[in-house]
Amino acid sequence: MPEIIVYRYGHRPARDKRITTHVALTARAMGANSIIVDTGDSSLEENINTVNRNFGGTFSIKSGVGINQFLNNLDDDDILIHLTMYGKPVNEKIGEIKKAVSHKKRMIIFVGAEKVPGIVYSKSDFNISVTGQPISEVSALAIFLDRFFDGDELNRDMKGRLNITPNERGKTIDYYPDEKDCMDILINRGADGRLIGHSIAVNTVATAISEHIECDKRVVIAGSLLHDVGRTATNGIMHAVESYRICQEEHVSMKICNAVLKHTGAGITVEEAKGLGLPNLDFMPQTIEEKIVACADNLIKGSERIDIMSQIDRYRNKNLDVAAQRIEDLYKFISSEAKFDVNEIKI
C-alpha cells in the first residue's frame, strides 16, 4: 500500500479555514496518511494535531508548501491524482488507479480550492471526477478514498484519548488519558517526587513489555502511570482501592480503572481480599493489559529496576508463599507472551 498524501491548493486562512479543516479531517478519517497545505497556517495545524491526540492515529499535517515546491518534489515513485469536475469518472478509472499505484511509493491526491493551474492537469497521472456536477471538494475526496479502499477505511481503529462507542441514541465516550493527562492527574492529586519517579519507572518497563505483546497500549500507559495514585491518600493495602476510586473520579476508562485496581503483587483473590479487609471486588488481573501493569510493578522498587527474584524472595520472607508463586507465574507468563525474558529490561 502506498503512502497516501493529500495536497490542498488555494487555502486562504482568513476565508477557507473551516473548509480546509474539513478536507484534512476527511483525509485523516478516510485513510490518508497526511495532508500538505500550500499556505502556512499554524492554527490549522494545531487543530488537526489536537484531533490526532484526542482520536488517535498517525496522520500528519504540514502547511506552507507552495505549489511550485510541491510540483518540483514529485518523482517517479509518485502517482498524482487530480480531483476535478472535468476529469474521467472515478468508477471507470479506479481499477486502473489501483493497479498503477500498487508498485509506487506514494499516491498524492490534489484537491483545489480555486482555479487550478493548467500544469497540474498535465503533470497529473489521472484527472478524476466523482461526478460531472459541481460538488464540494470534501465530498469528492471522501468518495474517491472510499472507492480506493472499497470501504475498508471505515473499519480502521485509531486509538486516541477518546474512544466513541456507537449507539443508536445518545453517546458513550471512553477516556484514555495520555502521558500528559496522567502526569497532570498525579500532580493535581498531590503526588510527590518519589511517587512520580516510581510511576514513571513502572511505565517505562510496562511500555517496553507492551511493544512485544498485542495489547491496548493506552491502557498499559495510563494504568502503569496511575496505578499508585492512591498512595496520595494511603500507603497501606487500600492504596489500590484508592487509586481505583481516584481514576473513577477522573472519569477514565474502566479498563484503566481495573488495571489500577489489580496491580498489587500478581493479584489478590476474593478470599484473600476478605481477610485483608478489602472491599468485595475482584483484584486478580485478567486482561493482558492488567497483567502487564502488575508484572511491570514487580520489576520496580522505588524508581529502580530490581531483579524479579528479589521481589519473589521478599514475599517469601514474609511467609507469603502463595503470592510469591503467583508473582513468579505472572512473570513467566508475560515473558512467554513477549517472547523474551522481561527481567532483562533496562531503564
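Within the stretch 303-347, take every residue that is of a type in the set (G, A, S) and surrounded by fewer than 16 Cβ atoms within 10 Å (Cβ to Cβ) and give me the one that is farthest from Q286 (Cα to Cα). The qualifying residue farthest from Q286 (Cα to Cα) is S310. Selection of the stretch 209-248 for residues being in contact (Cβ under 8 Å) with a residue 60 or more places away in the chain, assigned to a loop (DSSP other than H, G, I, E, B), touching a helix residue (DSSP H, G or I) at 6+ places or on another chain (Cβ under 6 Å) and more than 16 Å from K262 (Cβ to Cβ) yields H212, I213. Checked against the criteria, I300 counts as of a type outside the set (S, T, Y) and closer than 26 Å to F333 by Cα.
Residues checked against (1) surrounded by 11 or more Cβ atoms within 10 Å (Cβ to Cβ); (2) in the same structural domain as E304 (by TED's automatic domain parsing):
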| position | (1), (2) |
| --- | --- |
| L145 | yes, no |
| G151 | no, no |
| G160 | yes, no |
| T165 | no, no |
| D192 | yes, yes |
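Screening the stretch 1-113 for strands (runs of 3 or more DSSP E) wholly inside it with 2 or more residues that are of a type in the set (A, V, I, L, M, F, W, C) and closer than 21 Å to E137 by Cβ returns the ranges 3-9, 34-37, 78-89, 106-112. Being over 18 Å from the mean Cα position of the chain (by Cα), in contact (Cβ under 8 Å) with a residue 24 or more places away in the chain and surrounded by fewer than 17 Cβ atoms within 10 Å (Cβ to Cβ) is the filter here, so list the residues in the stretch 24-64 that pass it. Selection gives G40, S43, K62, G64. Applying the set (1) farther than 19 Å from L162 by Cβ; (2) touching a Phe, Trp or Tyr at 6+ places or on another chain (Cβ under 7 Å) to I187 leaves exactly one unmet item: (2).
A Cβ distance below 9 Å, combined with a sequence gap of six or more or placement on separate chains, defines the contacts here; from the stretch 271-286, residues that are of a type in the set (D, E, K, R) and at pLDDT below 95 reach residues that are in a loop (DSSP other than H, G, I, E, B) and crowded, with 16+ Cβ neighbours inside 10 Å in the pairs E272/L278; D282/K262. Residues that are surrounded by fewer than 17 Cβ atoms within 10 Å (Cβ to Cβ) and touching a residue at least 40 places away in the same chain (Cβ under 8 Å) within the stretch 66-93 comprise L71, L74, M85, Y86, K88, P89, N91, listed in sequence order.
Would you confirm whether any residue within the stretch 96-104 is under 25 Å from the mean Cα position of the chain (by Cα) and crowded, with 18+ Cβ neighbours inside 10 Å? Checking the stretch 96-104: not a single residue is under 25 Å from the mean Cα position of the chain (by Cα) and crowded, with 18+ Cβ neighbours inside 10 Å. Among the residues making up the stretch 216-255, those that are among the hydrophobic types (A, V, I, L, M, F, W, C) and buried (at least 19 other Cβ atoms within 10 Å of the Cβ) are V219, V220, I221, A222, L225, L226, V229, A240, V241, I246, C247, V252. Of the residues R161, R156, the single one that is touching an Asp or Glu at 6+ places or on another chain (Cβ under 8 Å) and of a type outside the set (S, T, Y) is R161. Using the structure shown, decide if T264 is in contact (Cβ under 8 Å) with a residue 12 or more places away in the chain, surrounded by fewer than 19 Cβ atoms within 10 Å (Cβ to Cβ) and under 11 Å from V293 (Cα atoms). No, not satisfied. For V111, state whether it is in the same structural domain as P13 (by TED's automatic domain parsing), closer than 20 Å to G31 by Cβ and modelled with pLDDT of 95 or more. So V111 fits the description; yes. When the stretch 195-215 is filtered for residues that are among the aliphatic types (A, V, I, L, M) and crowded, with 23+ Cβ neighbours inside 10 Å, the ones remaining, listed by number, are V202, V205, A206, I209.
The values are calculated or read from the model by the stated rules, or taken from the named source; none is laboratory data. Just so it is clear, the model here is predicted, and its values are computed rather than measured. All Cβ positions, even for glycine, are placed from backbone atoms using ideal geometry, and neighbour counts span all protein chains on display.
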